[in-house]
Each structure stands twice: as structure tokens, then as C-alpha cells.
Amino acid sequence: MISECTEASATAAVQPELRPLAAPHLQACLALDRRCLGGLWSADQWEQELADERRPGLGLWHGEALCAMACGWLVVDELHITLVAVDQPWQRRGLGRRLLAALLARAAELGAAHATLEVATANQAALALYRSLGFSDAGIRRAYYRDGGDALIQWLRLPESDPRDQGCG
Ligand SMILES: CC(C)(COP(=O)(O)OP(=O)(O)OC[C@H]1O[C@@H](n2cnc3c(N)ncnc32)[C@H](O)[C@@H]1OP(=O)(O)O)[C@@H](O)C(=O)NCCC(=O)NCCS
């Protein structure tokens, strides 16, 4: 059975715990993807995502319930952020920022010097989140999405990783 983040758990005092996403989390990732993003990736795509060590992914967990997740692909010295989702009851509580900051730190540890992503120009919440982390506009892709919407390319130079700072949290 997959645990879901409910309103009740979202008001609990305990902060969700940061853990890397891995193969056993397939069903939880699929379910959160469906709830937050309408099912961006198929089960096969998620399986591949969770198996590839050049695709670091992090989750925030409230007990066994996955409340938020962020994924990226390491391409040479760049982290391409492919997905960010925070379950609705947990939004606007700083989880998105905490998760992305941890993913950027993890990518820097793995040798990334830059991070980049595409975001819909209409997604003001996500844009504000990326800007709050220091991302800036690096270009626009016209009619990038199926609905004809444009995407803004976001870009961030990562600070060099300090080898004394280990772990993701
Ligand atoms: C975008 C998303 C990941 C933000 O996650 P979150 O945990 O709610 O964001 P945080 O609470 O960490 O917010 C960090 C900053 O982002 C901005 N922000 C987040 N949600 C916002 C909203 N609804 N409206 C305006 N600004 C918002 C704010 O600047 C916020 O800082 P503040 O709270 O100090 O003002 C979340 O709304 C979500 O999962 N949306 C659906 C999926 C999606 O659009 N993913 C991104 C594209 S793949």
C-alpha cells in the first residue's frame, strides 16, 4: 500500500525527512507524479530514472509517505533538473526550496558546475521558487509544451562543493 501525504500529516510538527530516491520507491514516485504533474513519466521511465546513478533524485518523506521529490540528470558538468513536485497539502512550507537546495548540493558533490531547467512561463510558483534559489533566465523555448506554452530556460552556477560537507540534508 502507498502512503499518501494528507492534510492531517501536513499539519504535523515533524519535518519531512530527506532521503535519496531509489528503486523500491517506484510506486510512491509514480503516485506523486500522477497527483502533482498528471503523470509526467510512465512506470518504465520511472524505473529507468531510479536505476541510473547519473540521475540523482531526492525525496522528502513523512514516515512512509512521499511528500515531495526532485530529479535531475548529470550531463558532463551540468545538472539538468527534470522534475520537481511537492504534494498539494505540503506546498508553501519551504519543502520545494529545501529539496532543490539539497539536490543542487548533491550535484555539486558529484562534480556539477551548473544547473539548468525549463519552466513554463505560466508557472509563477515554480519560477518564484527557482529565482529564490538564484536561477536566472538564459533563454526561451517557444511552444515547448504540448499546450503550446513557452518555456523559460533557467541557469545557475553552482558553488564548488566542500568535500567536508557530506550527505544530503
Ligand atoms: C512549484 C512547487 C514545486 C513549489 O513547491 P513549494 O514547496 O510549495 O515551494 P516553497 O514553499 O519551497 O516556496 C519557495 C518559494 O517559491 C515561491 N513560491 C512557491 N509557491 C508559490 C506560489 N504558489 N505562488 C507564488 N510563489 C510561490 C515563493 O517565492 C516561495 O518563497 P516564500 O514562501 O518565502 O515566499 C509546487 O508548487 C509544486 O509542486 N507545484 C506543482 C508541480 C510543478 O509545477 N512543478 C514545477 C515544474 S516541473
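Computed from the coordinates by the stated procedures, all read-outs in this text should not be read as laboratory data. Predicted model, so just to flag it, every value in this text is computed and none were measured. Because the Cβ atoms are built from the backbone with ideal geometry, glycine has one as well, and the counts that use them run over all protein chains shown.
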Principal axes of the chain: Cα extent on each, largest first, Å:
45, 41, 32
Output for region 62-169: trypsin sites (Lys or Arg not before Pro) sitting in coil per DSSP, at most 14 other Cβ within 10 Å, listed by number, reads ARG92, ARG142, ARG146, ARG164
Of GLU49, GLU118, GLU17, the most mobile residue in a GNM of the chain (C-alpha springs, cutoff 10 Å) is GLU17
Applying the span-like rule to the chain (DSSP H, Cα extent along axis at least 18 Å, Kyte-Doolittle mean at least 0.0) gives 95-109
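So, with +1 on the Cβ of K and R and -1 on the Cβ of D and E, and no other charges, what is the size of the charge dipole of region 16-157 about its Cα centre, to the nearest 20 debye? Before the final figure, lay out the partial values.
Numbers: 15 positive and 16 negative charges, 103 e Å.
With only Lys, Arg, Asp and Glu charged at Cβ, the dipole is about 500 debye.
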In region 1-88, trypsin sites (Lys or Arg not before Pro) in a DSSP loop with at most 13 other beta-carbon atoms within 10 Å:
ARG54
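In the calculated pair distance distribution of region 74-147, what percentage of Cα-Cα distances lie above 22 Å?
More than 22 Å apart: 26 percent of the Cα pairs in region 74-147.
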Springs between alpha-carbon pairs under 10 angstrom, Gaussian network model over the chain: which of GLY72, GLY148, GLY59 fluctuates most?
GLY148
Quick one: if you stick a label point 7 Å off each Cα along the C-beta vector at ILE140 and GLN15, how many nm between them?
3.8 nm
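What length, rounded to one decimal in nm, is gained on full extension from VAL76 through to ARG34, with 0.36 nm per residue of separation minus their alpha-carbon distance? Show your work: numbers first, answer last.
Numbers: separation 42, 0.36 × 42 = 15.12 nm, distance 3.01 nm.
Extending this stretch completely gives an extra 12.1 nm.
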Among LEU30, TRP41, ALA68, which residue has its Cα positioned farthest towards the positive end of the charge dipole of region 16-157, with +1 placed on the Cβ of Lys and Arg, -1 on the Cβ of Asp and Glu, and the dipole taken about the Cα centre?
ALA68
How charged is the neighbourhood of ALA70? Take every other residue with its Cβ under 14 Å from the Cβ of ALA70, and add Lys/Arg as +1 and Asp/Glu as -1.
+2
Ignoring everything except DSSP H segments at least 4 long, calculate the 222 nm mean residue ellipticity for the chain; use -39,500 (n - 2.57) per segment, divide by total residues, nearest 500.
-8500 deg cm²/dmol
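Near ALA107, within a Cβ-to-Cβ distance under 11 Å, what is the net charge of the other residues, with Lys and Arg +1 and Asp and Glu -1?
Values: positive: ARG54, ARG55, ARG106; negative: ASP77, GLU78, GLU109.
Result for the neighbourhood of ALA107: 0.
Grab the Cα-Cα distance for SER132 and SER42, subtract it from 0.36 nm times how many residues apart they are, and report the gain in nm with one decimal. Present the calculation step by step, with values, prior to reporting the outcome.
Numbers: separation 90, 0.36 × 90 = 32.40 nm, distance 3.04 nm.
Answer, rounded to one decimal: 29.4 nm.
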Residue among ASP137, ASP147, ASP52 with the largest mean-square fluctuation in a Gaussian network model of the chain, springs linking Cα atoms under 10 Å:
ASP147
Which residues in region 53-76 place their backbone N less than 12 Å from a point set 7 Å from the Cα of LEU26 along the Cα-to-Cβ direction?
none
Once a ≥ b ≥ c are taken as the square roots of the eigenvalues of the Cα gyration tensor of region 15-111, is the result rounded (a/c under 1.5), prolate (a/b larger than b/c) or oblate (a/b not larger than b/c)?
oblate
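For ALA122, what charge total do you get from the other residues with a beta carbon under 12 Å from its beta carbon, if Lys and Arg give +1 and Asp and Glu give -1?
-2
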